[in-house]
Amino acid sequence: MVFAEGQTSAGAPDRVVVRGAREHNLRGVDVDIPRNALVAFTGVSGSGKSSLAFGTLYAEAQRRYFESVAPYARRLMNQVSPPDVDSVEGLPPAVALPQQRGGGSARSTVGSTSTIANVVRMLFSRVGEYPAGAPMLLAEDFSANTVQGACPNCHGLGRVYEVPESLMVPDASVSIRDGAIAAWPTAWHGKQLRDSLVSLGYDIDIPWREVPAEQRSWLLHTTEKPQVPVYTGRTPAQVRAAVAAGDEPSYMSTFVGVKRYVLDTFANSKSERMREKAAAFMESVVCPDCRGTRLKPDALAVTFEGHDITQIAAMPLRELATLMNTVLGPEWERSRGAVLAPEQVLAARRLAGELGARLAPLSDLGLGYLSLDRQTGTLSGGELQRLRLANQLLAGLFGVVFVLDEPSAGLHPADTEALLGILRGLRDRGNTVFYVEHSLDVIREADWIVDIGPGAGASGGRIVYSGDLDGLKGAEESVTRRYLFDSPDSPRPTIRAPRPRDQRVALDGVVRNNIRGLSVEFPLGCLTAVTGVSGSGKTTLVNQALPDLLRASLSSEVGETTAADEPERGDPMLAVEAAATQGRAVGPADRLKRIVQVSQAPIGRTSRSNVATYTGLFDRIRSLFASTDEARRRRYSASRFSFNLPSGRCPTCKGEGTMEVELLFLPTVQAPCSTCGGRRYNAETLEVEFEGSSIADVLDMSVTAAREKFAGRADVLQHLDALADVGLGYVSLGQPAPELSGGEAQRVKLAAELRRAQQGDTLYLLDEPTSGLHPADSDRLLGHLHDLVDLGNTVILVEHDMRVVAGADWVVDMGPGAGDEGGEIVAQGTPKEVAAVEGSATSAYLRAAVV
Ligand code: ADP
Ligand code: ADP
Ligand code: ZN
Ligand code: ZN
């Protein structure tokens, strides 16, 4: 058989041909990209990689997909503007796996996202061991998220609220009149309740502990709300006499028991402060019926191989895979086959096989330490992306293009090798894999490299090189080339001298997640990198244990976080439970005045918060607009230029810029607002311009463009420079917070922090700050972090990039493995010392990076 040139055996074109791509900063890009290959898109941050891979190629594939759906839906989709490109040929259907955290509901877990939970429930329903006489349950009966499966006592919450006596009455030596009942309201309402007690025959002047037990119990726990006569301005003896004589009372009062008062206030008060106050007297305890598992007792009574379903859900996936393997073995059939009906044995083998097949890619992607019950909200962006990738692997697609955003994010070099194996597998099955990537090791494995740049924003947007790895050597202009082929110069050759013992903060007896009784030290005034395979416990140590334990040892006035990291307001009971690290901090922690945790958690959950509003930059810009002649003439104040306030915003979308469109049989889509076209403001507000730009124009500008625009405005520029310094020159000022990746969100917070007065004696905790950064940008960021250390601060970061680790003063390597096989310190010392340690998953990779 003979194929025409440019065709593969399947008759499909062998390349994707892009002509005239002008999305964002792309300057009429023409490029031919092979199909059936691993293609890396490289270049400094803001060079245009995402604009090409996601903004052009993926967007175009998606547009074609929508063209093929029903005309009614298409009409709506068409409102989403197609990418700015002359033509794209040879493009297969695309699947994008961006890094954004899926908002997801609190109940979304690894098990539900991967749909593995469904198979497990089926397994329990069909082949579980039931107590004698118990009826067979349906798969739904094993889900706490269904009415038939949820524990009836706690309604599937796993916890019930209690109001313990020790909290209602903290000091039993005090009398009721003197305030023994701390949970009761103060002021007038409190007095009324106490007066009612006198009418009810209580002696409120004796210590609480001397009040008769049955009186105490009734007053605390009664759920009745009796009407009680109240006599004001009389002594207790006079009141008793008045009650006995049936005198006309001053007024009638409704008595409420203490517990009832606390629970009612918590459930019904409109005042956030009142609810918080009530919460202080409540404890949520594990539901006694379901032991916190949220599942009804009938379902919990069913087991498989000795485990109930919640135990299966809590098992590391790797272990679960081993268990399923056992079920498939001949040994199992011999022992269990005797008790089970033949069709049950068959079902067990089929379901175990199915589970094994679904678990394998998760383990291969380095996620074997996760469990089915892990909430997806607690996963990092990289873990979530790999979870989605695993789901795609199962779908068994071929002939499609996968578009990935820095798949190596959050991966130790050892895990990265497994990831590459998976990507090659996708390719070999007939797919194309496009990935935006910064990790040099992952770039080296690509069949084809598209290097974009050479610089960011207006200085980028061109194809610097497109071809195989070897050819990139000749691309003089490429910044990536320098890092791939030139001798690796460590970002910072001089290492600070290791500090003596008394200059270290130490944690002792740390227990949290997979860390069980760990002792660890961190030198003050140094930059420390915490390394280890994914799941070894780095985040647990740096993001949870360190801040929890150090904050507990700092006095409350000095221990401070950035506003950015205030825990989210929500159910006050949950917030209390979250801080559950055991252990203590020892050593000169008093040398630390502040702890600043700069995490990858989103900076906001709604599209109303963005980079400009978060950093305070937008306030400055709005003042500038209010100071223009036109604004003064119209008497527009700064608030007119907020899209959150009625005067300036678009009335149709209330400043959202988008409207929700309900589609029959399809998920709801967001379409640009028909009135303002996505600009968020009303027409009058947009008429006011600052040097030729409206407020909406400014929100559309990248940080880089805004720096030129506001060059003469020192106060605005200061904010913009801080953003550019952390490699965020390419983000637009109005970029909605939920659209930022974890790494970008972290760098926005870092920028806000770097701009503050640097007072020294501050501990900065960071989570892989270089994720999403080209080596050139990460060197710049590292430079700023080292500046912080030179000012007398301490920096501790989780890191995978061995170039960065090699430039740290101190390394703490965790492991040896993930999950239960991790949680320990494998090695600690200077980078050179750790590189020399045998038996560390990190040392071999670090050795290659230390010069
Ligand atoms: P990279 O992926 O290489 O980091 P991007 O493709 O995200 O870079 O950005 C390239 C340029 O396009 C930057 O100058 C950036 O400011 C600009 N840009 C990115 N997204 C948008 C957008 N939604 N609107 C306007 N400009 C954008
Ligand atoms: P790393 O940062 O090294 O990748 P983590 O500290 O995130 O590792 O995780 C260490 C272990 O703790 C893993 O087994 C992980 O599943 C578990 N773990 C982490 N966070 C949570 C959590 N919020 N709830 C339950 N287990 C968790
Ligand atoms: Zn329960
Ligand atoms: Zn609008």
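Laboratory data are not the source of any read-out in this text; all were calculated from the coordinates shown. Just so we're clear, the structure is a prediction, and the values are computed from it rather than from any experiment. We place every Cβ from the backbone using ideal geometry, glycine too, and count neighbours over all the protein chains shown.
Below, the figures for the structure above:
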quantity: Label-point gap, in nm, between Lys593 and Ser217 - each point 7 angstrom along Cα→Cβ; calculated: 5.7 nm
quantity: Per-peptide average of other Cβ atoms within 10 Å, ordering 823-829, 727-733 highest first; calculated: 727-733, 823-829
quantity: Lys, Arg +1 and Asp, Glu -1 on Cβ, resulting dipole of region 611-739 about Cα centre, debye, nearest 20; calculated: 440 debye
quantity: Disulfide-incompatible cysteines by the Cβ rule (no partner under 4.7 Å) in the chain; calculated: Cys526
quantity: Cross-link partners of Lys277 among aspartates and glutamates (Cα-Cα below 13 Å; sequence separation of 8 or more within a chain); calculated: Asp264, Asp571
quantity: In degrees, nearest ten, helix 258-268 long axis to first principal axis of the chain (Cα); calculated: 40 degrees
quantity: Net charge over other residues, Cβ less than 13 angstrom from the Cβ of Ala172 (K, R count +1; D, E count -1); calculated: -2
quantity: On Cα atoms only, tilt of 187-199 relative to the major axis of the chain in degrees; calculated: 40 degrees
quantity: Label-point separation, Ala237 to Ala341 (7 Å along Cα→Cβ), nm; calculated: 8.3 nm
quantity: Cα-based shape type of region 290-408, given that a ≥ b ≥ c are square roots of the gyration tensor eigenvalues and the cut on a/c is 1.5; calculated: oblate
quantity: Protection proxy ranking of 55-65, 811-821 - average other beta-carbon atoms within 10 Å, highest first; calculated: 811-821, 55-65
quantity: Region 369-434: trypsin sites (Lys or Arg not before Pro) in DSSP coil with no more than 15 other Cβ atoms inside 10 Å; calculated: Arg429
quantity: Förster-model FRET efficiency, 30 Å R0, Glu276 and Gln375, C-beta, rounded to 0.05; calculated: 0.80
quantity: Protection proxy ranking, peptides 738-744, 622-628, 188-194, 606-612, average beta carbon neighbours within 10 Å, highest first; calculated: 738-744, 606-612, 622-628, 188-194
quantity: Net +/- balance of residues flanking Arg481 in space, Cβ distance below 10 Å, scoring K and R +1, D and E -1; calculated: -2
quantity: Per-q log10 I(q)/I(0), the chain, q = 0.09, 0.10 Å⁻¹ (Debye; single scatterer per alpha-carbon; no solvent); calculated: -1.08, -1.27
quantity: Computed E for Arg177/Asn268 - FRET, C-beta separation, R0 25 angstrom, nearest 0.05; calculated: 0.35
quantity: Extension gain, Ala357 back to Thr326 (0.36 nm per residue minus Cα-Cα distance, nm); calculated: 9.8 nm
quantity: Extension gain (nm, one decimal) between Thr675 and Glu129, 0.36 nm per residue minus Cα-Cα; calculated: 190.4 nm
quantity: Value of [θ]222 nm, deg cm²/dmol, for the chain, DSSP H segments ≥ 4, -39500 (n - 2.57) each, nearest 500; calculated: -10000 deg cm²/dmol
quantity: Prolate/oblate/rounded label for region 235-367 (Cα gyration tensor, a/c 1.5); calculated: prolate
quantity: On Cα atoms only, tilt of 617-626 relative to the major axis of the chain in degrees; calculated: 90 degrees
quantity: Hydrodynamic radius (Kirkwood) for region 611-739, which is based on Cα pairs only, to one decimal in Å; calculated: 15.4 Å
